[in-house]
Amino acid sequence: MRPAELLRYTVLAVQREGNRRLGAALVELGLTTAQAEVVRVLSQHRELTLAGLGELLICESGGSPSRLVDRLVIGGYVARAPGASDRRQVILSLTARGAEVSDRIATIERQLYDHIEAVMPESVAQTISENLRPLLAGTPADAALERRRA
């Protein structure tokens, strides 16, 4: 196996395992990993337009998160409101139920990050992350990641 192929499959396997662990923990909340990301981003930013939310998502970078948001609105986690200055614009925010579930998601995420830190020193995780960034250069996922870090 070429080193580039091994890298690709290793990254894919790590990503799938992380999503599997996170997804299994989210089952009790009835949310997917992508829905949980929407809730956490809205929790951190209070209010966002649909486009603004889409620019911050890693799970759906480059696309519109409208289907994700629709499911969360139906579930009572996210509210839509018309924009103050432009009523055609829709502002998204968490409902009380969404804020409550965001706290539970944060706890689940901390447990996943604690697991990662238990098996990999922080300096190694930092180095790996920095070494992988060139593979994302110029992609919507890279732009979303950079906006999330800011």
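Since every read-out is calculated from the coordinates, none of them should be taken as a lab result. Model, not experiment: these values are computed from the prediction. No Cβ is skipped: glycine too gets one built from the backbone with ideal geometry, and neighbour counts run over all protein chains shown.
Data table
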read-out: Phi-based couplings in Hz for the range 91-106 (Karplus 6.51, -1.76, 1.60; Gly and Pro marked x); value: 9, 9, 8, 7, 7, 4, 5, x, 5, 5, 5, 4, 5, 5, 5, 4
read-out: Under Karplus coefficients 6.51, -1.76 and 1.60, residue-wise ³J(HN,Hα) of the range 65-75 in Hz, glycine/proline x; value: x, 4, 5, 4, 5, 4, 5, 6, 5, 4, x
read-out: Using a Förster distance of 22 Å, the FRET efficiency for ASP114-LEU12 (Cβ separation, nearest 0.05); value: 0.40
read-out: Crossing angle, helix 3-26 versus the chain [Cα axis fit, 0-90 degrees, rounded to tens]; value: 40
read-out: Cα centroid separation - the range 19-51 against the range 110-139, whole Å; value: 20
read-out: Backbone HN-Hα couplings from phi across the range 47-60 [Karplus 6.51/-1.76/1.60, Hz, Gly and Pro as x]; value: 9, 8, 6, 4, 5, x, 5, x, 6, 9, 7, 8, 5, 9
read-out: Cα-derived Rg to Rh of the range 1-142, Kirkwood definition; value: 1.02
read-out: Nearest-0.05 FRET efficiency for ASP70 and ALA4, computed from C-beta distance (R0 41 Å); value: 0.60
read-out: The chain: angle of helix 140-149 to the longest principal axis, Cα-based, in degrees nearest 10; value: 80
read-out: Sorted largest first, extent of the range 80-150 alpha carbons per principal axis (Å); value: 47, 33, 14
read-out: Nearest-ten-degree value, helix 33-45 long axis tilted from longest Cα axis of the chain; value: 60
read-out: Kirkwood hydrodynamic radius of the range 57-100, from inverse mean 1/r over distinct Cα pairs, in Å; value: 11.3
read-out: THR49 long-range amide H proximity, modeled H, under 5 Å; value: LEU92
read-out: Placed amide H near VAL78: partners under 5 Å, 5+ positions off or other chain; value: VAL73, THR95
